[in-house]
Amino acid sequence: MIGLSSNRCVIDGELLELDDLRYTPAGIPRIGLKIRHVSTQQEAGISRQLQCDIPAVALGEAAQQVGRLQIGQSVRVEGFLAQRSLRIAQLVLHIDNVKLK
């Protein structure tokens, strides 16, 4: 199916890694980061403890907001999932909104 489909993620976590703010060839701010999410989720009626490190990227105004954060801060990020590149199938969270928790 081609077209618009739901692809929205909201993740609470701790800022684990933060790259330097850079600019794309078009002059758009871009920053890479990693968020550690820890929670308890229900799966098949059983509580499951989980921890995962989520690679993410922010562009534009969101990149400038992320660039002002510090490692270890608790955040809530919103965005969508996309493949890292045409050749690398790893998923990356593209952040378009970030808030301190």
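Computed quantities for the displayed model
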item: Scope region 2-40; condition over 16 Å from VAL92 (Cβ atoms), more than 16 Å from the chain's Cα centre (by Cα) and outside any strand (DSSP E or B); matching residues; result: ILE2, GLY3, LEU4, SER5, SER6, PRO25, ALA26, GLY27, ILE28
item: Single residue of region 84-101 satisfying the filter (modelled with pLDDT of 95 or more and within 17 Å of ARG30 (Cβ to Cβ)) that is surrounded by the fewest Cβ atoms within 10 Å (Cβ to Cβ); result: ASN97
item: Any hit, region 46-58, residues being touching a strand residue (DSSP E or B) at 6+ places or on another chain (Cβ under 8 Å), within 16 Å of ARG76 (Cα to Cα) and loosely packed, with under 12 Cβ neighbours inside 10 Å; result: yes
item: First in region 44-62 and more than 27 Å from GLY32 (Cα to Cα), second anywhere and modelled with pLDDT of 95 or more and in a strand (DSSP E or B), Cβ under 6 Å, 6 or more apart; result: SER47/THR40; ARG48/GLN41
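Results for (1) surrounded by 14 or more Cβ atoms within 10 Å (Cβ to Cβ); (2) in contact with a Pro (Cβ under 8 Å, 6 or more places away or on another chain); (3) without any contact (Cβ under 8 Å) to a residue 12 or more places away in the chain, shown as yes or no for each residue.
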{"position": "ASN7", "(1), (2), (3)": "no, no, no"}
{"position": "ILE11", "(1), (2), (3)": "yes, no, no"}
{"position": "TYR23", "(1), (2), (3)": "no, yes, yes"}
{"position": "ALA26", "(1), (2), (3)": "no, no, yes"}
{"position": "ILE31", "(1), (2), (3)": "yes, no, no"}
{"position": "SER39", "(1), (2), (3)": "no, no, no"}
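The values are calculated or read from the model by the stated rules, or taken from the named source; none is laboratory data. Computed from a predicted structure; not experimentally measured. Cβ coordinates were reconstructed from backbone atoms using ideal geometry, including for glycine residues, and neighbour counts include every protein chain displayed.
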